[in-house]
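What follows is a short report on a single structure.
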Amino acid sequence: MPLNGKQKRQLRSLGHHLEVVVQVGSNGVTDGVIGACAQALEDHELIKVKIAEEDREGRAEAIEALASGTGAEVAQTLGRTVLLFKKRKKKSQIDLVGMPKSPEPPPAEKKKKPAPRRARPARD
């Protein structure tokens with residue numbers, strides 16, 4: 001499901017203070033890098049990746065390879081840094097605007113206690 005503008009804005013605000021988790025070196029996007037990104041996305045849902053590629057076209061190809069290889073959405077690209085998001089199927093920590101929430105079991109209903117009985121006056 002592609003992200004809309006409000007969702008990307010929300011993810012950018014959440015990812016602003018994040019540190020870079022994965023770095024793509026001079027070898028480019030390899031199976032090891034995709035595996036590391038997939039594991040980091042499973043752990044954190046939102047990650048920053050730094051790409052060492054010099055030219056813009058090479059970075060765009062690397063970003064596309066990372067996104068398609070991990071099944072993640074690109075929330076932001078800023079220079080050599082990209083912010084990737086992939087929502088967990090269970091126990092997601094990030095609720096986006098307009099995105100359906102994870103199915104949760106309905107809360108258990110509380111049983112009502114019966115009203116206390118009044119003591120009857122003693123008969124003589």
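The values are calculated or read from the model by the stated rules, or taken from the named source; none is laboratory data. Remember, it's a predicted structure, so these values are computed and weren't measured experimentally. For neighbour counting, all protein chains shown are included, and Cβ atoms are generated from backbone atoms with ideal geometry for every residue, glycine included.
Of the residues that sit in segment 2-17 and are over 13 Å from the mean Cα position of the chain (by Cα) and in contact (Cβ under 8 Å) with a residue 40 or more places away in the chain, which one is nearest to LYS87 (Cα to Cα)?
So, considering only residues that are over 13 Å from the mean Cα position of the chain (by Cα) and in contact (Cβ under 8 Å) with a residue 40 or more places away in the chain, the one nearest to LYS87 (Cα to Cα) is PRO2.
Has segment 43-52 got at least one residue that is under 14 Å from the mean Cα position of the chain (by Cα) and hydrophobic (A, V, I, L, M, F, W, C)? Lay out the reasoning, then the answer.
First pass over segment 43-52, keeping only residues under 14 Å from the mean Cα position of the chain (by Cα): 43-48.
Cutting the leftovers down to hydrophobic (A, V, I, L, M, F, W, C) gives us 46-47.
So far as segment 43-52 goes, yes, one or more of its residues are under 14 Å from the mean Cα position of the chain (by Cα) and hydrophobic (A, V, I, L, M, F, W, C).
Taking segment 94-124 on its own, how many of its residues are modelled with pLDDT under 75 and in contact with a strand residue (DSSP E or B) (Cβ under 9 Å, 6 or more places away or on another chain)?
Of the residues in segment 94-124, 1 are modelled with pLDDT under 75 and in contact with a strand residue (DSSP E or B) (Cβ under 9 Å, 6 or more places away or on another chain).
For a quick check of your reading of the model, give me the residue pairs whose first member lies in segment 67-92 and is within 20 Å of ARG56 (Cβ to Cβ), whose second is among the aliphatic types (A, V, I, L, M) and assigned to a loop (DSSP other than H, G, I, E, B), with beta-carbon atoms closer than 6 Å and at least 6 apart or on different chains.
What qualifies is LEU84/ALA72.
Return yes or no: is GLN39 at pLDDT below 95, more than 20 Å from LEU3 (Cβ to Cβ) and assigned to a strand (DSSP E or B)? Steps first, answer last, please.
Working: at pLDDT below 95: yes; more than 20 Å from LEU3 (Cβ to Cβ): yes; assigned to a strand (DSSP E or B): no.
Here the answer is no, as GLN39 does not meet what is asked.
Please state which one of VAL33, VAL21 is under 15 Å from the mean Cα position of the chain (by Cα) and either surrounded by 12 or more Cβ atoms within 10 Å (Cβ to Cβ) or over 16 Å from GLN76 (Cα atoms) (or both). Break it down stepwise before answering.
On the way: VAL33 fails: under 15 Å from the mean Cα position of the chain (by Cα).
Going through VAL33, VAL21 in turn, just one is under 15 Å from the mean Cα position of the chain (by Cα) and either surrounded by 12 or more Cβ atoms within 10 Å (Cβ to Cβ) or over 16 Å from GLN76 (Cα atoms) (or both): VAL21.
In segment 18-58, what residues are free of Cβ contacts under 8 Å to residues at least 12 places away in the same chain and acidic (Asp, Glu)?
ASP31, ASP43, GLU54, ASP55, GLU57
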